[in-house]
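K.L.:
Could you have a look at this structure, given as structure tokens, before my questions?
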Amino acid sequence: YVQSHGVDLYRRTMYTFWKRTSPPPTLSTFDAPDREVCTVRRARTNTPLQALILMNDPTYVEAARKLAERVLAQPGTTDERLSKTFYLVVARQPNEREQGVLRRVFETQLTAFRNDADAIQKLLSVGESPRDERFEPAELAAWATVASLVLNLDETVTRN
């Protein structure tokens, strides 16, 4: 499997070229059918490999950064932005407990990133899309971490 670049990089995976002997590894991990016969219902499993892909694969790290940039581009308080992030992903407002967890994660990550410039650089350099330079790097990294957390919720990943 060879990653595309440029305008083809962000195409849907339905356009991915498949070799029967070597399907795209991410799709295999998420139980994608082999395309040899029509599949009405996909098998569904939950494995640690799926969680590792969702947290570490460049596609998902970059998606979290872009979600963070989208939320930061909107005016609002930290709590309003946390609610907006959650709403954009899950399509509902977070309850008080969820809001509190998101706030604590954001504050913890912001403190950690402000003390570790190397970690900021490593996180924000993942992916091919350029980083929006309008945002302070430590804050963007903290928001990207919160976005990743929300993108990895069971409620986000599974239908039910």
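K.L.:
Can you work out the FRET efficiency for the pair T78 and S28, with r the C-beta to C-beta distance and R0 = 45 Å, to the nearest 0.05?
P.N.:
Working: r = 39 Å, r/R0 = 0.86.
Taking R0 as 45 Å, the efficiency between T78 and S28 is 0.70.
K.L.:
Please give the length that would be gained between E107 and Q50 if that part of the chain were fully extended, namely 0.36 nm times their separation in residues minus their C-alpha to C-alpha distance (nm, one decimal).
P.N.:
Details: separation 57, 0.36 × 57 = 20.52 nm, distance 2.70 nm.
Result: 17.8 nm gained on full extension.
K.L.:
Which one, (i) 50, 34, 26; (ii) 48, 34, 30; (iii) 79, 35, 30, gives Cα extents along the principal axes in Å as derived from the coordinates shown?
P.N.:
(i)
K.L.:
Give me the accessible area per residue for the stretch 10-106, probe 1.4 Å, as a whole number in Å².
P.N.:
Values: 6820 Å² over 97 residues.
It amounts to 70 Å² per residue over the stretch 10-106.
K.L.:
Return the aspartates and glutamates within reach of K122: Cα separation strictly under 12 angstrom, same-chain partners fewer than 8 residues apart disregarded; answer none if there are no such residues.
P.N.:
Once the sequence-local aspartates and glutamates are set aside, what remains near K122 is E62.
K.L.:
Among A43, L124, V101, whose Cα projects farthest towards the positive end of the dipole of the stretch 1-126, with charges put on the beta-carbon of Lys, Arg (+1) and Asp, Glu (-1)?
P.N.:
Checked the options; the winner is A43.
K.L.:
E133: accessible area at probe 1.4 Å, nearest 10 Å²?
P.N.:
Only protein atoms counted, so the area is about 130 Å².
K.L.:
Something else now. Give the relative contact order (percent, whole number) for the stretch 49-160; include only Cα pairs under 8 Å separated by 6+ residues. Please list the in-between numbers first.
P.N.:
Numbers: 107 pairs, mean separation 44.4, N = 112.
Worked out over the stretch 49-160, it gives 40 percent.
K.L.:
Still on this structure, please answer the following. Given a Förster distance of 30 Å, report the FRET efficiency between Y10 and A43 from their Cβ-Cβ distance, rounded to the nearest 0.05.
P.N.:
On the way: r = 27 Å, r/R0 = 0.91.
Efficiency computed from Cβ-Cβ geometry: 0.65.
K.L.:
Note the full-extension length gain between T156 and R134 as 0.36 nm times their separation in residues minus their Cα-Cα distance, in nm to one decimal. Intermediate results must be reported in sequence, preceding the final value.
P.N.:
Numbers: separation 22, 0.36 × 22 = 7.92 nm, distance 2.85 nm.
In short, 5.1 nm is gained.
K.L.:
If I take every Cα pair under 8 Å that is 6 or more residues apart in the stretch 1-92, average their sequence separation and divide by the length, what percent do I get for the relative contact order?
P.N.:
Numbers: 33 pairs, mean separation 13.3, N = 92.
Averaging sequence separation for qualifying contacts and normalising by length gives 14 percent for the stretch 1-92.
K.L.:
Of all the accessible heavy-atom surface of the chain, with the other protein chains kept in place and a 1.4 Å probe, what percent is carbon and sulfur? Mind showing how you got there, number by number?
P.N.:
On the way: 5780 of 10910 Å².
Here carbon and sulfur together make up 53 percent of the probe-accessible area.
K.L.:
So for the stretch 113-160, considering every pair of alpha-carbon atoms, how many percent are separated by more than 17 Å?
P.N.:
Details: 465 of 1128 pairs.
Here the long-distance tail beyond 17 Å is 41 percent of all Cα pairs in the stretch 113-160.
K.L.:
Separate question: What's the magnitude of the charge dipole for the stretch 14-160 around its Cα centre, counting Lys and Arg as +1 and Asp and Glu as -1 at the beta-carbon? Answer in Debye, nearest 20. Walk me through the numbers before you get to the answer.
P.N.:
Details: 20 positive and 20 negative charges, 105 e Å.
The dipole of the stretch 14-160 has a size of about 500 debye.
The values are calculated or read from the model by the stated rules, or taken from the named source; none is laboratory data. Since we're looking at a predicted model, the values are computed, not measured. Every residue, glycine among them, receives a Cβ derived from its backbone with ideal geometry; neighbour counts consider all protein chains shown. Each accessible area value is taken on the protein alone, full model and side chains, heavy atoms only, with ligands, DNA and RNA left out. Shrake-Rupley method; radii C 1.70, N 1.55, O 1.52, S 1.80 Å.
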